[in-house]
1. On the basis of being closer than 25 Å to Ile207 by Cα, among the aromatic types (Phe, Trp, Tyr), part of a strand (DSSP E or B) and modelled with pLDDT of 95 or more, does Phe168 make the cut?
2. Given (1) touching a Gly at 6+ places or on another chain (Cβ under 9 Å); (2) farther than 27 Å from Cys268 by Cα, where does Ala116 come up short, assuming only one miss?
3. Go through (1) modelled with pLDDT of 95 or more; (2) touching a helix residue (DSSP H, G or I) at 6+ places or on another chain (Cβ under 6 Å); (3) not charged (D, E, K, R) for Val202 and report which single condition fails.
4. Mind checking whether some residue in the stretch 223-236 is among the hydroxyl-bearing types (Ser, Thr, Tyr), open to solvent by 10 Å² or more (accessible area, probe 1.4 Å) and not in a strand (DSSP E or B)?
5. Pairs please, first residue from the stretch 53-66 and open to solvent by less than 50 Å² (accessible area, probe 1.4 Å), second anywhere and of a type in the set (A, V, I, L, M), Cβ atoms under 6 Å, 6+ apart in sequence or on different chains.
6. Is the stretch 365-385 home to any residue that is out of contact with any strand residue (DSSP E or B) (no Cβ under 6 Å at 6 or more places or on another chain), more than 18 Å from Tyr15 (Cα to Cα), buried (at least 17 other Cβ atoms within 10 Å of the Cβ) and touching a residue at least 60 places away in the same chain (Cβ under 8 Å)?
7. For the stretch 180-209, enumerate the residues that are assigned to a strand (DSSP E or B) and either more than 14 Å from Asp228 (Cα to Cα) or of a type outside the set (Phe, Trp, Tyr) (or both).
8. State whether the residues of the stretch 1-17 include one that is closer than 27 Å to Asp323 by Cβ and surrounded by fewer than 18 Cβ atoms within 10 Å (Cβ to Cβ).
Amino acid sequence: MADNTPKNLRNYMMYQVFVRNYSREGTFAGVEKDLDRIRALGTDIVYLLPIHPIGKKNRKGTLGSPYAISDYRAINPEYGTEDDFRHLVDAIHERGMKCIIDVVYNHTAPDSVLAAQHPEWFYHKPDGSFGNRVGDWTDIIDLDYGQEGLWEYQIETLLHWAKIVDGFRCDVAPLVPIAFWEQARERVEEVRPGCIWLAESVEKDFIRELRSRGLTAHSDGEVFRAFDVSYDYDIYRNFTEYAYGNMSLAAYLDAVELQEWIYPDNYCKLRFLENHDQSRVHFMIPDETSLINFTAFSFFQKGMAFVYAGQEYGASHAPSLFDKDTVSMEPQGGLDLSALIASLCAIKKNEIFTDSVYSVTDGGNDICVASHVRGDKKAVGVFSFRGRKAAVRVPLEDGIYKNELGGEPVEVFHGGISCQGEPVIILA
């Protein structure tokens, strides 16, 4: 873990926005007009997918992937101008939120500025042509971090944007040398003290495959040397297998428990249920009660909470990365989780979630019992992932407590509560 990573990042919620598909206009202004609603959810950090121009060569779809960047130092004109971008960031700051942007440093579009000006900074296939190491990414070409000049260019670019934004979400960060990220962090700190660094870590099977080919693929343990927050991909497969009914709750929770003792004391995981690369969680979990329990659990966990635009309205369609595909900001089938998310954000600000010993156990009947403990303070959560009603043991003294989510009283008797299928969060 980065030595200066503050534990209070665990009290934050991050909200992800793909500018193109966030509004009908698909512009910075289209995002800006909705900032009051975003803030009302409890958002602390607005994360924007890449804001840069997109390459035209080998473009996927009609508009291309925002991850096939043609110029790291320019703004996608479809979104507006740099002044429009700065205006959006100022408006985010005025509402007490931070803004981070996507950094895509593993690769560029084939027709990028760097490919034209510095072809020596790229990976080349045996025949000397540009290429990439991952076969299905046909719209990009890989950079070569064995080239010293590339490091300085990329860091100078970060310094430019760090004067505007509060942090960076770094795409496939494990494929870029950790030494680069460490150097970049040190330099950026001079311009933006307290800059937030989020690593898109990768799943274990991807790491295994890349390493079998002799390629750079850093583990989460290595990533934490340079980053403050890392994606939850080390256990994402466990989550989806359990959600689809292919894994027991105990096996899923064992994976969650493992994180508590294999990472540094100030580790911070990004607790996402969905993002732009994955299925919408409401697609995987169509039952509303189950979805509410999974959502509450994701906020209760140790780490930073995460919402992908549209998730609060139960969106089940994953918007295209390659074409105009506006996200509906209306409740889907009448489902609106906005109030739930706002309540969870407020609960998450409690200091017990900043620094605690965290544990999760299988309470039976697909009910998870989780707890944060620090001294004589406790937060206990009960989450019925299949919406079942059952008696369940909890680590609390007998007595009457309040469910922080609904305000109703909860009785603990003989060390157990009667779970009614809805999530329960108790602060004691």
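The values are calculated or read from the model by the stated rules, or taken from the named source; none is laboratory data. Because the structure is a prediction, the values reported are computed rather than measured. With ideal geometry, Cβ positions are generated from the backbone for all residues, glycine too; neighbour counts draw on all protein chains shown. Side chains included, ligands, DNA and RNA excluded: accessible areas come from the protein's heavy atoms. Shrake-Rupley method; radii C 1.70, N 1.55, O 1.52, S 1.80 Å.
1. Values: closer than 25 Å to Ile207 by Cα: yes; among the aromatic types (Phe, Trp, Tyr): yes; part of a strand (DSSP E or B): yes; modelled with pLDDT of 95 or more: yes.
Taking the combined requirement at face value, the residue satisfies it.
2. Unmet for Ala116, out of (1) touching a Gly at 6+ places or on another chain (Cβ under 9 Å); (2) farther than 27 Å from Cys268 by Cα: (1).
3. The one condition Val202 does not meet is (1).
4. yes
5. Once the first residue is open to solvent by less than 50 Å² (accessible area, probe 1.4 Å) and sits in the stretch 53-66, its partners that are of a type in the set (A, V, I, L, M) give Pro53/Ala74; Ile54/Ala68; Gly55/Ala68; Gly55/Ala109; Gly64/Ile54; Ser65/Leu321; Pro66/Leu49.
6. The answer is yes, given that some residue of the stretch 365-385 is out of contact with any strand residue (DSSP E or B) (no Cβ under 6 Å at 6 or more places or on another chain), more than 18 Å from Tyr15 (Cα to Cα), buried (at least 17 other Cβ atoms within 10 Å of the Cβ) and touching a residue at least 60 places away in the same chain (Cβ under 8 Å).
7. First, pick out the residues of the stretch 180-209 that are assigned to a strand (DSSP E or B): 196-199.
Ile196, Leu198, Ala199 - these are the residues of the stretch 180-209 that are assigned to a strand (DSSP E or B) and either more than 14 Å from Asp228 (Cα to Cα) or of a type outside the set (Phe, Trp, Tyr) (or both).
8. Scanning the stretch 1-17 turns up no residue that is closer than 27 Å to Asp323 by Cβ and surrounded by fewer than 18 Cβ atoms within 10 Å (Cβ to Cβ).
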